[in-house]
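J.: Starting off with a structure, shown below.
Computed from the coordinates by the stated procedures, all read-outs in this text should not be read as laboratory data. Everything quoted here is computed from the prediction, not taken from an experiment. All Cβ positions, even for glycine, are placed from backbone atoms using ideal geometry, and neighbour counts span all protein chains on display.
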Amino acid sequence: QMPDACRLYVLDGGTLEVDAGVIANADILVKDGGTLKLVNNGTIHLSRFGEVDTELGAQVEMQSGEILLGNE
């Protein structure tokens, strides 16, 4: 569970892997060179105003999982 009004940054060379878990109340930015992976039904549940942003050059790998909007 992320605190309100916080943003998680995945920096160049970094990886955020959600493996069979849940990140709740999320707002995420994947920077150029960063990687976001969802595996084994990993879930990102966005906060009310949260989003998953990616810069040009970022990678997103969704092998198994989902990203849910803040009202789902």
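J.: Tabulate in residue order the Karplus-calculated ³J(HN,Hα) for segment 55-68, using 6.51 cos²θ - 1.76 cosθ + 1.60 with θ = phi - 60°, rounded to whole Hz; enter x for Gly and Pro.
T.: Once rounded to whole Hz, the list reads 8, 4, x, 7, 10, 10, 10, 10, 6, 6, x, 7, 10, 9.
J.: Semi-axes, largest first, in whole Å: what does sqrt of 5 times each Cα gyration tensor eigenvalue give for the chain?
T.: 18, 15, 10
J.: Under a 5 Å amide H to amide H cut-off, with H placed in plane at 1.01 Å, what residues pair with LYS37 once short-range neighbours are removed?
T.: LEU16, GLU17, VAL18, GLU61
J.: Let me ask something else about it. Just grab the label-to-label distance for GLU61 and ASN40, each label 7 Å out from Cα along the Cβ direction, in nm (one decimal).
T.: That separation, rounded to one decimal, is 1.5 nm.
J.: Nearest 0.05, what FRET efficiency do LEU69 and TYR9 give at R0 = 22 Å with Cβ-Cβ as r?
T.: The calculated FRET efficiency here is 0.60.
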